[in-house]
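The values are calculated or read from the model by the stated rules, or taken from the named source; none is laboratory data. All figures in this text were calculated on a predicted structure; none of them were measured in a lab. Every residue, glycine as well, gets a Cβ built from its backbone with ideal geometry; the counts of neighbours run over all protein chains shown. For the accessible areas, the whole protein counts, side chains as well, though only heavy atoms, and no ligand, DNA or RNA atoms are used. Shrake-Rupley method; radii C 1.70, N 1.55, O 1.52, S 1.80 Å.
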Amino acid sequence: MKISVNGEIKEFSQESLTIDKILKILEYKRGIAVALNETFIIKTKYSNTVVKDGDRLDILSPIEGG
Amino acid sequence: MKKWKIEGREFDSRLMIGSALYPSPEIMAQSIKASGSEIVTIALRRQSATSLKDGNAFWDIIRELGVTLLPNTAGCHTAKEAVTTAMMAREIFEVDWVKLEVIGNQYNLQPDPFELVKATKILIDEGFRVLPYMTDDLVLAQKLADLGCTTLMPWGSPIGSGRGLMNPYSLKSIRKQFPNLNLIVDAGIGKPSDAIRAMELGFDGVLLNSAVALAQEPIKMAEAFKYAIIAGRLGFEAGAMEKRDMASPSTPTVGTPFWHQI
């Protein structure tokens, strides 16, 4: 499947993957929050939320702000 | 100065400060300390796993300061984007409040009042304490208050413009109409005198960033704002004298020597 991760197209050999698997493959650790197709996904749902071809994943982390 | 309460939390300082645009992370940390501010705004952005490989240095510095964090939804243009960002911020920062920012115009970064109201309603229903960044519109203030906001943050002037208070009349009107809400002037402050003016209008606090971060000496400017906020607040509490058209001598006139008599 091909999905968009932070605006970049990423290709995976699997047809679908859960969010926690994707975060592991991409080597994300702590201090992040995730939105799937512009909808916030709570951490506790990473293991049972399935990402499919064409989906958009946004992975955000703290930065400076005003 | 007495402590004050905002959204159920108690603070000494009435200055809220941003964490962006400083010449370096070290100057940011020292400026925040020098400002005496206990509330610091921060944001969320897309970041790659590579950039976070060794942790998040900015996040570590901010945490070490031991301040209360106020996440913003900067960069959002719709209620949906702002709601999603606020929810992500609540999870990461473990706070239930948000500086709600929904931009409606790219030229002056003016908040979109319609999307702001929409997002405020959703977030309050989701259990958030919403601090809306808004224009100085009295009707908008009423709508937000009706939804349950207990803090309103009208702009002084556009974000990062340093133009001070463009419309003191509107700010004064909001203060007069909402005596029981916390009112913060957010955005547009350029000089310490702008902050004093906001506080003298009876505003409960000031939120600024560029005025300190872009100053020639940010740490010194942060300290200047610390005292400006105190001066403005004490001045407001003390109550200024009435203006008069005619001069009135302050030195007693009784016993004036003869050579002064006309």
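Somewhere in the stretch B:197-207, is a residue in contact with a helix residue (DSSP H, G or I) (Cβ under 8 Å, 6 or more places away or on another chain), farther than 27 Å from B:L123 by Cα and of a type in the set (K, R)? Among the residues of the stretch B:197-207, at least one is in contact with a helix residue (DSSP H, G or I) (Cβ under 8 Å, 6 or more places away or on another chain), farther than 27 Å from B:L123 by Cα and of a type in the set (K, R), which makes the answer yes.
The residues of the stretch B:168-183 that are part of a loop (DSSP other than H, G, I, E, B) and either of a type in the set (S, T, Y) or over 16 Å from the mean Cα position of the chain (by Cα) (or both), listed by number, are B:F178, B:P179, B:N180.
Checked against the criterion of being at positive phi and touching a residue at least 24 places away in the same chain (Cβ under 8 Å), the stretch B:30-46 has at least one qualifying residue. Exactly one residue among A:K45, A:K10, A:K52, A:K24 is open to solvent by 30 Å² or more (accessible area, probe 1.4 Å), of a type in the set (K, R) and away from chain B (no Cβ under 14 Å), and that residue is A:K52. If A:T18 satisfies all but one of (1) within 9 Å of chain B (Cβ to nearest Cβ); (2) open to solvent by less than 40 Å² (accessible area, probe 1.4 Å), what's the number of the condition it fails? The one condition A:T18 does not meet is (1). Please find, within the stretch B:28-37, the residue that is nearest to the other protein chains (Cβ to nearest Cβ) out of those that are in contact with a strand residue (DSSP E or B) (Cβ under 8 Å, 6 or more places away or on another chain) and more than 13 Å from B:I62 (Cβ to Cβ). Only one residue fits best here, namely B:S35.
Residues of the stretch B:132-160 that are over 14 Å from the mean Cα position of the chain (by Cα) and part of a loop (DSSP other than H, G, I, E, B): B:D137, B:G148, B:C149, B:T150. Name the pairs: first residue in the stretch B:240-262 and closer than 26 Å to B:I196 by Cα, second residue surrounded by 10 or more Cβ atoms within 10 Å (Cβ to Cβ), Cβ to Cβ under 8 Å, at least 6 apart or on different chains? What qualifies is B:A240/B:E200.
The stretch B:47-131 holds helices (runs of 4 or more DSSP H) entirely within its bounds, and those carrying 2 or more residues that are open to solvent by 30 Å² or more (accessible area, probe 1.4 Å) and more than 11 Å from chain A (Cβ to nearest Cβ) map to B:57-65, B:113-125. Looking across the stretch B:194-221, the residues that are in a loop (DSSP other than H, G, I, E, B) and either away from chain A (no Cβ under 14 Å) or open to solvent by less than 50 Å² (accessible area, probe 1.4 Å) (or both) come down to B:L201, B:G202, B:F203, B:D204, B:N209, B:A215, B:Q216, B:E217. As a summary of the residue check, B:A224 satisfies the conditions (1) free of Cβ contacts under 8 Å to residues at least 40 places away in the same chain; (2) outside any loop (DSSP other than H, G, I, E, B); (3) farther than 20 Å from B:S19 by Cβ; (4) of a type outside the set (F, W, Y) except for the one numbered (3). The conditions of being away from every other protein chain (no Cβ under 13 Å), touching a residue at least 12 places away in the same chain (Cβ under 8 Å) and touching a Phe, Trp or Tyr at 6+ places or on another chain (Cβ under 8 Å) are not met by B:P25.
Restricting the first member to the stretch B:3-15 and to residues that are under 21 Å from B:E200 (Cα atoms), and the second to residues that are in a strand (DSSP E or B) and acidic (D, E), the beta-carbon pairs closer than 6 Å and six or more apart or on different chains are B:K3/B:E10. Would you confirm whether or not the stretch B:165-179 contains a residue that is closer than 22 Å to B:A74 by Cα and buried (at least 17 other Cβ atoms within 10 Å of the Cβ)? Yes, the stretch B:165-179 has at least one match.
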